[in-house]
Amino acid sequence: MLNTTNVNRLIIKFCFAVLFFQGQANAQLVIGQPNLGFSQACASETFNSFNVTFVFSPESAVNASNQFIVEMSDADGSFSSPTSVFTSSPGSVTSSPATLSFSIPETTSGENYKIRIKSTSPAATSSQSVAFAAYYKLQDSPFTINNLVSTGAYCTGGSYLLTIDNPGTGNNDSPLNYPSLTFYWYKETSATTSVFVAEGPTLSVSEEGTFFVETNYGSCTSNSFSNRVTISEANASGEAEATIASSLGNPYCPEQGLTTLSTIGGNSYQWFKDGVEIPDATDQMYQTDESGTFSVQVDLGECSASGSIELVSELFESEINVDEVNHILDGETLSVEITNTAINPEFQWYFESQLITSVTGNTYDITEFGDYTVVITETSGCEGSRIYEFTVEEGIDPFPDVDKIPNVITPNGDLKNDTWVLPLKYTTGTNTEVVILDERGKVVFQTTDYQNNWPENDLNLTSINQLFYYIISTTDGEVKKGSITIVK
């Protein structure tokens with residue numbers, strides 16, 4: 001007979017055996033081949049989420065701490081160094097089938113990626129998924145080559161180098177800013193077809209045709225492609241066409257800043273404006289904010305190229321009817337008018353840097369002395385502005401009502417006693433003859449329409465105080481004689 005001790009030992013061994021076999025049963029988790037919810041993984045900054053579905057059995061084998069991991073192979077489908085692209089929370093996936101979402105890394109680029117599923121408790125690994133193309137489109141917008149110049153030319157027996165612009169022109173997002181990207185060059189065979197030519201960031205062309213380049217995103221479609229450039233061979237005379245492109249377009253709005261004129265690549269360059277050579281304008285690009293005919297001569301080595309562009313600024317034209325410095329008498333009015341071709345113009349008038357809120361039109365009647373500014377803004381189209389600044393000063397009455405004929409004047413430019421001013425009965429409109437003679441009796445001035453404006457010019461005075469004589473004869477026979485001393 002078994003004693004109590006032996007019975008207890010048997011019970012304990014039986015329990016251990018049950019627990020062992022139960023643990024062995026729980027460890028046998030099988031994960032089926034992942035089923036992809038996509039045919040290609042074409043990701044970008046705005047989209048990067050992909051689903052994978054899988055089955056596992058038995059569900060009871062999954063422990064409470066278990067996590068499912070989505071692993072992605074390298075571009076050749078190898079899992080020698082897999083990348084974990086998703087890990088579930090412990091115990092969050094307990095029923096089969098299961099669907100998980102994951103994102104691909106920004107370095108993804110290839111046609112033969114694969115996915116597999118792993119569990120942590122118990123440890124198990126599925127078979128590999130079918131291969132799929134996957135690319136993360138770091139740059140997915142049009143970019144420029146050849147500085148956006150639509151043509152290029154090469155000498156017979158030579159070649160022309162096409163390059164991707166870096167950082168590009170204007171708002172161009174150059175793909176060269178992303179070192180991991182690669183590029184495929186193509187030559188057009190028709191308006192809708194093309195053939196692959198070469199791979200790389202540049203292309204040396206030695207045949208005529210139209211070429212462009214795309215960022216290599218394999219079978220994934222993208223908007224990362226360049227403008228077309230047509231390459232030609234110089235003619236028999238050694239001349240080729242040099243196209244000129246304007247970065248701001250043509251016509252352009254100078255309010256945006258300087259426009260950059262670019263031409264085809266060559267050994268050296270010389271730019272001209274309206275047929276006149278522009279000093280030091282010897283680069284492939286030239287910046288300007290002017291309108292006019294711009295041309296360029298390009299040395300291609302064994303031959304040359306030339307071209308021109310009629311550059312037009314869209315900024316409106318305008319004129320003001322006053323000078324920079326204006327004079328009016330106290331109580332007089334200066335009528336200022338702005339003529340312009342602006343679309344929906346707005347006018348802002350300033351007096352001594354303060355906005356005049358009551359004046360919003362293109363005219364203003366000014367009665368105060370001081371500094372004025374007017375700003376004309378085109379609110380449609382180019383939306384640019386022009387500014388005029390001018391000053392209104394107190395003027396001198398050329399015909400003041402004086403009582404006596406002066407015998408001393410001081411023409412020193414201070415606007416005080418600078419000219420010989422006569423009473424009104426001897427000035428313009430009275431037909432009074434005014435004659436002025438020098439010390440030797442030589443007539444230096446004579447008129448019957450005196451404007452109170454003598455001396456108008458420099459008299460080349462030989463002394464500090466020089467003496468002149470006058471004879472004033474009115475129509476009724478009155479004669480006035482005397483002297484005039486000019487004090488310098």
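The numbers here are math on the coordinates, done by the rules we state, and not lab data. As the structure is a prediction and not an experimental result, all values here were calculated from the model. Here the Cβ positions follow ideal geometry from the backbone for every residue, glycine too, while neighbour counts run over all protein chains shown.
Distant-in-sequence amide contacts of Gln40, defined by a placed amide H-H separation under 5 Å and a gap of 5 or more residues or a different chain, comprise nothing. Given axes a ≥ b ≥ c from the Cα gyration tensor, I'd like to know whether the range 30-136 is rounded (a/c under 1.5), prolate (a/b larger than b/c) or oblate. Since a/c reaches 1.5 and a/b is larger than b/c, the shape of the range 30-136 is classed as prolate.
What separates the Cα centres of the range 66-99 and the range 398-424 is a distance of 103 Å. Put simply, when 367-375, 211-219 are sorted by average Cβ atoms within 10 angstrom per residue, most first, you get 211-219, 367-375. Each residue of the range 177-191 was assigned a 3J(HN,Hα) from its phi angle through the Karplus expression (A = 6.51, B = -1.76, C = 1.60, θ = phi - 60°), giving 6, 10, x, 7, 7, 10, 9, 10, 9, 9, 10, 5, 10, 6, 5 Hz with x at Gly and Pro. To the nearest ten degrees, helix 4-27 and the longest principal axis of the Cα atoms of the chain are 40 degrees apart. Highest mean packing first, where packing is the average number of other Cβ atoms within 10 Å per residue, the peptides 298-310, 377-389 line up as 298-310, 377-389.
If you take the Cα centroid of the range 192-251 and the Cα centroid of the range 301-324, the two points sit 28 Å apart. Here the Karplus relation 6.51 cos²θ - 1.76 cosθ + 1.60, evaluated at θ = phi - 60°, turns the backbone of the range 361-369 into coupling constants of x, 8, 10, 7, 9, 9, 10, 9, 7 Hz, with x for every Gly and Pro. Here the Karplus relation 6.51 cos²θ - 1.76 cosθ + 1.60, evaluated at θ = phi - 60°, turns the backbone of the range 40-57 into coupling constants of 9, 10, 9, 9, 8, 4, 9, 8, 7, 9, 9, 9, 9, 10, 8, 10, 8, 8 Hz, with x for every Gly and Pro. Return, ordered by residue number, the residues of the range 92-126 whose backbone nitrogen is under 20 Å from a label point located 7 Å along Cα→Cβ of Ser81. Correct set: 104-116. With a simple spin-label model that places each label point 7 Å from the Cα along the Cα-to-Cβ direction, the separation between Asn35 and Ser89 comes to 2.6 nm.
The computed P(r) over Cα pairs in 20 Å bins from 0, in percent for the structure shown corresponds, within [x] 26, 61, 13, 0; [y] 23, 54, 22, 1; [z] 15, 22, 22, 18, 11, 7, 3, 1, 0, to [z]. Here each label is just a point 7 Å from Cα along the line to Cβ, and for Thr282 and Thr230 those points are 3.3 nm apart. In this calculation the C-beta distance from Phe369 to Arg440 is compared with R0 = 51 Å, giving a FRET efficiency of 0.70.
When the alpha carbon gyration tensor of the range 146-311 is reduced to an equivalent ellipsoid, the three semi-axes, largest first, read 28, 21, 13 Å.
Over the chain, DSSP H runs of length four or greater, each weighted -39,500 (n - 2.57), average out per residue to a 222 nm ellipticity of -1500 deg cm²/dmol. Checking the cross-link pairs Lys114/Lys187; Lys404/Lys488; Lys425/Lys488; Lys187/Lys273 against a 25 Å limit on the alpha carbon distance flags Lys114/Lys187; Lys425/Lys488; Lys187/Lys273 as lying beyond it. Counting only the backbone N, which residues of the range 405-437 are under 18 Å from the spot 7 Å out from the Cα of Glu478 toward its beta-carbon? From the range 405-437, the list is 405-407, 421-435. Here Asp397 and Ile343 are evaluated by their C-beta separation; at R0 = 60 Å the FRET efficiency comes out at 0.85. Taking packing as the residue-averaged number of other Cβ atoms within 10 angstrom, the listed peptides 134-143, 154-163 run from highest to lowest as 134-143, 154-163.
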